[in-house]
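One structure is given below, encoded as structure tokens.
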């Protein structure tokens with residue numbers, strides 16, 4: 001019987017995806033990535049889930065590529081490879097929160113960066129360790145650099161130096177670093193706030209943040225004007241405005 005390395009739980013509108021391979025520090029082995037891809041796919045398709053929380057079991061969130069397994073092969077290729085997983089998270093219509101339970105390295109930082117919001121325990125450390133192994137953070141740079149920016153990204157990629165969770169907040173990689181006993185409370189509070197938004201509006205907000213910053217000004221105004229009109233005319237907007245006028249929760253906030 002094959003051991004399940006990734007678990008999916010759905011409750012209260014939240015799909016929790018847990019990396020559960022603590023023996024190798026939740027490294028991105030082929031089996032773990034396959035399980036992660038399948039779990040994310042299931043969470044995105046599950047109508048009971050309005051948002052996704054990605055976390056790890058044990059003291060480490062993710063140590064990056066499983067170097068013992070890979071040898072000379074990179075982690076990116078194939079339908080369940082790292083590229084596909086980062087795209088799943090990045091383009092998911094459902095918000096994805098990284099619940100960073102411990103230290104994170106290399107490819108694991110890519111998972112964190114692809115998420116929409118990232119909350120870490122304040123004792124966690126991070127490092128782009130690739131350069132010290134003769135590698136580069138190639139694939140994850142696509143999602144990491146929009147968070148870190150060119151100046152800090154260059155420094156951290158070139159040095160491979162370890163940095164603390166509170167520094168990661170300053171760098172823009174994390175939204176917050178909190179004591180371990182406040183991690184669940186903080187993630188739960190964020191999840192509760194997100195669940196008050198309508199499903200279509202949440203997906204639309206993700207598209208705004210992902211797409212608008214790289215657009216030409218006129219093209220951005222043309223696109224967002226069209227989206228604004230579409231959302232004002234939508235059934236969810238009518239329900240939201242009616243609920244506001246009637247001083248009641250909208251249907252989507254009443255629970256899945």
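FYI, it's all coordinate maths here, none of it is from the lab. The shown structure was predicted, so the numbers you read here are calculated from the model rather than taken from an experiment. Here the Cβ is made from the backbone with ideal geometry for all residues, glycine too, and neighbour counts use every protein chain on show.
Below is a table of values for the structure above.
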| quantity | calculated |
| --- | --- |
| Protection-proxy order for peptides 44-51, 97-104, 215-222, each taking the mean of Cβ atoms within 10 Å per residue, highest first | 97-104, 44-51, 215-222 |
| Degrees between helix 183-194 axis and first principal axis of the chain (Cα, 0 to 90, nearest 10) | 30 degrees |
| Virtual paramagnetic centre 7 Å along Cα→Cβ of residue 243, amide N under 17 Å, in region 8-29 | 12-14 |
| Modelled FRET efficiency - R0 22 Å, residue 253 with residue 232, Cβ distances, 0.05 increments | 0.70 |
| Alpha-carbon radius of gyration plus Dmax, which is the widest Cα pair, for region 6-194 in Å | 15.2, 45 |
| Protection proxy ranking, peptides 133-139, 116-122, 245-251, average beta carbon neighbours within 10 Å, highest first | 116-122, 133-139, 245-251 |
| Two-site label geometry, residue 201 and residue 164: point separation in nm, points 7 Å out along Cα→Cβ | 3.9 nm |
